[in-house]
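Just so it is clear, none of the values below were taken in a lab; they were calculated from the coordinates. Note that the structure is predicted; figures quoted are calculated from it, not measured. Using ideal geometry, Cβ is built from the backbone for each residue, glycine included, and neighbour counts are taken over all protein chains shown.
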Amino acid sequence: MHRPRNAWWIQADGAETRKTLEGQRQFNIDLHKAQQRLRTARNNAPNLTKRVLGGFVKTFEYDCDDEAIGNVHNGTMIIAYDDGIEQPHEITVVILEDWANASEIGDAIVAHTEKLSSFGGDLLVQAYFSTFCHNAQRHIVAYVPVVPASIQGIRSEPFFAHDELELSECWRERMSSFIELLHIAAQCNIRHGGLSELANYVTCRDGLKIINMGRYSHIVGRERDMQQLMDFVTTLFPGSLTHPEWRTLVDLLLSKTMWY
């Protein structure tokens with residue numbers, strides 16, 4: 001079940017919060033339009049400096065944490081506008097593996113996320129851009145600010161309700177949305193490749209989201225995304241393995257009838 005388009009406004013708790021969310025919403029709308037213009041321009045000028053919100057990303061930085069899960073770090077990008085004004089914006093930086101095709105993977109993550117955003121944008125973390133970080137000598141992807149998910153945080157919401165007879169409302173809606181998103185992604189020939197790993201989930205104001213769409217899709221031999229999602233859930237909630245209705249749902253979702 002998709003969240004109503006203006007649910008973010010309904011959940012806002014106070015004028016100051018609504019003002020902040022409205023600013024973030026407009027920022028995302030303007031950035032999405034700018035990314036589309038940039039992608040068109042890059043076809044004719046591949047080395048064009050990244051342009052967003054009517055200006056250019058002049059520089060970016062991030063806090064290096066060697067213990068960060070999934071190489072996810074807090075950072076800031078500075079946008080320089082044509083009138084000389086510069087503004088900082090918080091970002092989350094994901095450092096990609098040192099693979100030969102890291103550049104292509106970074107671009108694919110941004111493109112896949114944008115393509116699927118029209119179907120399940122509230123389930124995916126918006127990616128701003130991908131580029132090469134000269135100081136780290138690695139490719140990175142810059143996202144909107146997020147917090148890496150923790151097992152404790154995810155488990156804080158009960159998986160079953162009503163004496164373990166059915167899924168809780170939260171997880172019923174969440175799983176329904178995730179399943180729908182993965183079905184659409186499969187139709188678009190897009191796969192994640194790492195949904196069994198905690199590092200590919202983050203927490204935001206409006207719940208659990210997926211990050212790094214397409215980061216591991218090139219690795220041969222990995223299970224399908226739906227299999228990985230089910231493995232992730234059953235690892236977090238071992239009791240689901242013996243729940244008859246949940247097992248029936250899993251068997252159906254992983255059957256050839258659903259995917260072939």
Theoretical gain in end-to-end length, VAL147 to ARG205 [0.36 nm per residue, Cα-Cα removed]: 19.9 nm
Please give, to one decimal in nm, the separation of the simple spin-label points placed at ALA186 and LEU254, each 7 Å out from Cα toward the Cβ. 1.3 nm
Provide the FRET efficiency to the nearest 0.05 for the GLN137-ASP65 pair, computing r from the beta carbons and using R0 = 25 Å. 0.90
Give the calculated FRET efficiency between TYR81 and ASP231 to the nearest 0.05, with a Förster radius of 35 Å applied to their Cβ-Cβ distance. 0.15
With viscosity set to 1.002 mPa s and temperature to 20 °C, compute the Stokes-Einstein D of the range 147-259, Rh being the Kirkwood radius across alpha carbon pairs; µm²/s, no decimals. 145 µm²/s
Compare the peptides 184-193, 131-140 by average per-residue count of other Cβ atoms within 10 angstrom and give them in order, highest first. 184-193, 131-140
Rounded to the nearest angstrom and ordered from largest down, what semi-axes does the equivalent ellipsoid of the range 78-146 get from its C-alpha gyration tensor (root of 5λ)? 21, 19, 10
